[in-house]
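Step one of this worksheet: look at the structure below.
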Amino acid sequence: MENEDMLILASQSETRKTLLAGAGLSFAVRPATIDERAVESAAVAGGADGRAVAILLAETKARVVASAEPGALVIGADQTLSFGNELLHKPPDLGDARQQLQRLRGKTHRLHAGVALARDGELMWSGAETAELTMRAFSTAELDEVLMLEGDRVLSSVGAYRLEGSSIRLFESIKGDYFTILGLPLLPLLAALRLHAPTLFVSGDRR
């Protein structure tokens, strides 16, 4: 079957690529083109919460790319941020990032990281992990310094922060898996890959 030994990541996230590469996996990158806000809006209108939306987006991305890559095993992933009953999104610019971080200041929010596997357009597995994060009641001066140090890099994050960067200064407590916070529940994903594609973990002749 065409592409039967190929693993594809349906995401352009540098962090996700780094995590997969760090786990020793060989993969191609084919970002999925979907209307994320339309998928989210329809799901929320149907009563879906942030966790369910993250799973749905991951599944949709995996299926779309898998339909265009016969035989390949495709990883779809997405992350949502629940702030009370509201879903927050990646800020378009640093001004919006500042406003978002000011809203989160001194409060708790949840990150939901969804991940899915698909082949030939069919879903094979999906799941999600959730982390709970509480920000300090940081000062405006502290926020200014962090944003100066981070720059545009925070715009790639749904929370407008990077725990692997100076944004960590803004937090009081974190409950949850580190990989989940970065946007890819790596351990559950690796378990699913061992089940559905064990040859990915065997060196040598895979024929």
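A few points about this structure:
- Residues of the stretch 25-54 that are buried (at least 23 other Cβ atoms within 10 Å of the Cβ) and hydrophobic (A, V, I, L, M, F, W, C): Ala32, Val53, Ala54.
- Residues of the stretch 107-141 classified as in contact with a helix residue (DSSP H, G or I) (Cβ under 8 Å, 6 or more places away or on another chain), loosely packed, with under 15 Cβ neighbours inside 10 Å and acidic (Asp, Glu), total: 1
Residues are listed down the side, and each one gets a yes or a no for (1) in contact with a Phe, Trp or Tyr (Cβ under 7 Å, 6 or more places away or on another chain); (2) basic (Lys, Arg); (3) under 30 Å from Ala68 (Cβ atoms); (4) in a helix (DSSP H, G or I):
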position: Ala141; (1), (2), (3), (4): no, no, no, yes
position: Val146; (1), (2), (3), (4): no, no, no, yes
position: Gly151; (1), (2), (3), (4): no, no, no, yes
position: Glu172; (1), (2), (3), (4): no, no, no, no
position: Phe179; (1), (2), (3), (4): no, no, yes, yes
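- Check on Gln79, surrounded by fewer than 18 Cβ atoms within 10 Å (Cβ to Cβ) and either touching a Gly at 6+ places or on another chain (Cβ under 8 Å) or not in a strand (DSSP E or B) (or both): no
- Residue pairs whose Cβ atoms lie under 7 Å apart, sitting 6 or more positions apart in sequence or on different chains, and linking a residue in the stretch 191-207 that is at pLDDT 60 or above and hydrophobic (A, V, I, L, M, F, W, C) to a partner that is surrounded by 13 or more Cβ atoms within 10 Å (Cβ to Cβ) and assigned to a loop (DSSP other than H, G, I, E, B), are Leu200/Leu25.
- Every residue from the stretch 17-27 that is outside any loop (DSSP other than H, G, I, E, B), closer than 16 Å to Leu73 by Cα and touching a residue at least 24 places away in the same chain (Cβ under 8 Å): Leu20
- Verdict on Glu142 being in contact (Cβ under 8 Å) with a residue 24 or more places away in the chain and closer than 30 Å to Phe201 by Cα: no
The values are calculated or read from the model by the stated rules, or taken from the named source; none is laboratory data. In this text the structure is predicted, and so the values were computed from the model without any measurement. Every residue, glycine as well, gets a Cβ built from its backbone with ideal geometry; the counts of neighbours run over all protein chains shown.
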